[in-house]
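For reference, the structure discussed in these notes is given below.
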Amino acid sequence: MFQGLNFEPVVLPETADALRKEVRAFLDEETGWFPNSDFNTGASAEFSQRLAKRGWVGMTWPKKYGGSERSFLERYVVTEELLAAGAPVAAHWIADRQSGPLLLKFGTEEQRQRFLPPITRGESFFSIGMSEPDTGSDLASIRTSAVKVDGGWLVNGSKIWTSGAHLNHYMVALVRTEPASENRHAGMSQLLIGFDDPNVTVRGIKNLAGESDFNQVFFDDVLVPDDQVIGEPGNGWVQVISELGYERSGPERFLSSFLVIQELLREVGSNPTDEQAALIGKLVAELVTLRRMSISVAGMLEEGKAPNTEAALIKELGNTFERIVPEIVRPVLPQDASAHFLATLNDAILHAPSFTLRGGTREILRGVIARGLGLR
Amino acid sequence: MREETRLIIETTNRILSDLCTPGVVDATESGQFATQLWQTLNENGLILAGLPEHLGGAGGEMGDSLTVIRCAARFAAPIPIAETFIAASLANFVGATSFSGGVVTVANGEFELSENNTLTGKANNVAFARWADRIYIPAKQQGASVLCVVDRDAVELTEQVSIAGEPRDTIEVNLVIDAADIYQAPSELQDYARRLGAMTRSVMMSGALESALELVVDYSLTRQQFGRSISKFQAIQHQLATMAGEVAASIRAADSLAQLQQPVELEVAFAKSRVGQACGPCAEVAHQVMGAIGYTLEHHLNHRTRRLWCWREEYGNERQWQELIGHEMCRTGADELWPRVASL
Ligand SMILES: Cc1cc2nc3c(=O)[nH]c(=O)nc-3n(C[C@H](O)[C@H](O)[C@H](O)COP(=O)(O)OP(=O)(O)OC[C@H]3O[C@@H](n4cnc5c(N)ncnc54)[C@H](O)[C@@H]3O)c2cc1C
């Protein structure tokens, strides 16, 4: 039997039901956004702050850093409810999912005390700074450099596709602190860079849907103090890899087009044709299976495991699903589909190309899975 | 995983690797029942692992039976272990106090029991009927459901085989049944049988898919072309990665069934449609990666892929179960869709 193909069933904790109801009640009070289940789409600092007030940002973290010490599976419930409702989660998403856990794992005590509480209050938002103009999938080829100077590091170079850079407070940037050598994965470090630094420039880039979600960021002699290095200088690659289980296995990897399915149900009503019913059945069966696989991985993360192959499998299957939903729904639409439905559908069509790119392309994920199979 | 489950898997796999070799599987295609395999599994309490003791079972849970059935499918075991499970579960469902034991199968077709207990009707695709001792037949009597048990020798049997080369015989019945072999049943008997059948086929497909993946991955590591193993080609890696995704989803979908105490319709529908949908694409990858040798009866990949093509059609193919799910979800309605999904 292969490692990584078995997703042991995990049951959500007893507290999940009550928590789910609380989140739904909270969402019932929230209005003013066009729902979109894509986690990249829709950022509202105010929404994130109200969510944080309920203790749902950084909810798994220790109380001494402002967290609620809830379980990873409880966090799962909150995140899937937010995505299914199409809430504007982009502002706090990365800090909550990734940057905070990174600091908990590799940060100093001083860094945790300084950066984590503001995140849990919904006042501090983070971006991921990995991609560069000449670096996409081949992450080890980054060129943004940080040179040691008195008291810190002098950063020069540029990051691109940085989601939320125009709204957020910090970037966790992967930079070269030593020139590239034979060992391609050596000599990289993670730095916390404030977007308020005058030597940092952010230029918005419009995506296919016309939104300004991502940016190019330029560093021009940016001085990053020593206490904003995360973990050991030179250990950047290992640290980046350790984030992948969190980054790739969550509900955001298969729910991005959820609202298309929900609104399709509204269109066809209680009396669908058999063809429409079969398609809906196929989509729901896939959704239920993916969700259960994803919950299995949340259970593994809770146990402190590093299920990287499993996470890649979920992302590959999940992205394929969310990308194909708007395509296969089109042919079964009723003739008189409503304007609301078409808006939801077009929104999904315009965002779909990003699903199999962001967070590791489909081809890269297949490579990770192939490694898990022992092929490479 | 429960300790009992682990133990069941271990024992079953040991017996199967000894007694369910590719040679044994091929021999059944030329008409020879795998008697020793059947008897050994039976002696070890595995044939009816999940049935209560008064029906000759080992007193385990339904999931135990499904676990054994899945292991058997990994080895392409050409025995009616799924059919015996279905028959015994039907006996359990109708409150029977005993089960005939031996080699048993189920016939799903149009059967009518008259007032004077004459059973008439016909069924196609009766798995392994020619080798069975007894056949369990869901029938109707004046609109009500009854479960009848008949001797194999009492029915008229036409031998047929499936695309996998396994017996799928046609039987015709016209005989008076002993009252002791008739059980009054809840009206949903036929439907219950269909759900049990779809459950077995789902776990069987997940097992065969997993073992097909193992075979093909192994092959890709050893087969050399252009001076290296073909597993080094990215085109091959990506095909196998895609297959692995389908297999992983199928295993997870089938695992949900092993946790049930009853064949819950919607759960069966999710599993049968999700796993059934994986068979075509996975068989395609498996055969492509294996080249010409995979396209022979000499290589035992055929034991897996041919069974996948058979099982995906049995007890409702994916399209039929998808329709059922879809109609159910449309009754649920757009606003309740998410709450429903999240409750599953
Ligand atoms: C909506 C969105 C938000 C994003 N947000 C961020 C962010 O916040 N921070 C950040 O750092 N980055 C972000 N990204 C960037 C994302 O991580 C990259 O797009 C991704 O890593 C791929 O890089 P690339 O776009 O340069 O494509 P490339 O790497 O140039 O790839 C182009 C094509 O070649 C294929 N390819 C590349 N290498 C191989 C190989 N070895 N084998 C086979 N095929 C290969 C790829 O799969 C792809 O199909 C975002 C992207 C999107 C779309």
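The values are calculated or read from the model by the stated rules, or taken from the named source; none is laboratory data. Small disclaimer: the values here were computed from a predicted structure and weren't measured. With ideal geometry, Cβ positions are generated from the backbone for all residues, glycine too; neighbour counts draw on all protein chains shown. With ligands, DNA and RNA removed, areas are computed over all heavy atoms of the protein, side chains included. Shrake-Rupley method; radii C 1.70, N 1.55, O 1.52, S 1.80 Å.
Things to note:
Yes/no matrix, rows are residues, columns are (1) of a type in the set (Ser, Thr, Tyr); (2) modelled with pLDDT under 95; (3) closer than 21 Å to residue B:80 by Cβ; (4) in contact with an Asp or Glu (Cβ under 9 Å, 6 or more places away or on another chain):
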position: B:109; (1), (2), (3), (4): no, no, yes, no
position: B:117; (1), (2), (3), (4): no, no, no, yes
position: B:120; (1), (2), (3), (4): yes, no, no, yes
position: B:124; (1), (2), (3), (4): no, no, yes, yes
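- Within region A:327-369, the set of residues being away from chain B (no Cβ under 14 Å) and within 16 Å of the ligand (Cβ to nearest atom) comprises A:347, A:348, A:349, A:350, A:351, A:352, A:353, A:354, A:355, A:357, A:358, A:359.
- Residues in region A:158-177 that are near the ligand (Cβ under 9 Å from one of its atoms) and outside any strand (DSSP E or B): A:161, A:162, A:163, A:164, A:165.
- Among residues of region B:214-234 being facing chain A (nearest Cβ under 10 Å) and small (Gly, Ala, Ser), the one that is surrounded by the fewest Cβ atoms within 10 Å (Cβ to Cβ) is B:229.
- Scanning region B:10-27 finds no residues that are closer than 24 Å to residue B:186 by Cβ, open to solvent by 50 Å² or more (accessible area, probe 1.4 Å) and in contact (Cβ under 8 Å) with a residue 60 or more places away in the chain.
- Breaking point among (1) under 22 Å from residue B:126 (Cα atoms); (2) free of Cβ contacts under 8 Å to residues at least 12 places away in the same chain; (3) within 13 Å of chain A (Cβ to nearest Cβ), for residue B:237: (1)
- Some residue of region A:129-141 being in contact with a Pro (Cβ under 8 Å, 6 or more places away or on another chain) and either touching a residue at least 60 places away in the same chain (Cβ under 8 Å) or open to solvent by less than 80 Å² (accessible area, probe 1.4 Å) (or both): no
- Look at (1) open to solvent by less than 50 Å² (accessible area, probe 1.4 Å); (2) assigned by TED's automatic domain parsing to the domain that holds residue A:316 and you find that residue A:192 fails only one, number (2).
- Residue match in region B:69-83 (condition: buried (at least 18 other Cβ atoms within 10 Å of the Cβ), hydrophobic (A, V, I, L, M, F, W, C) and touching a Gly at 6+ places or on another chain (Cβ under 7 Å)): yes
- Exactly one residue out of B:308, B:344, B:301 is open to solvent by 10 Å² or more (accessible area, probe 1.4 Å) and either within 11 Å of chain A (Cβ to nearest Cβ) or within 24 Å of the chain's Cα centre (by Cα) (or both): that is B:344.
- The set of residues from region A:251-275 being assigned to a helix (DSSP H, G or I), open to solvent by 10 Å² or more (accessible area, probe 1.4 Å) and within 7 Å of chain B (Cβ to nearest Cβ) comprises A:262, A:263, A:266, A:268, A:274.
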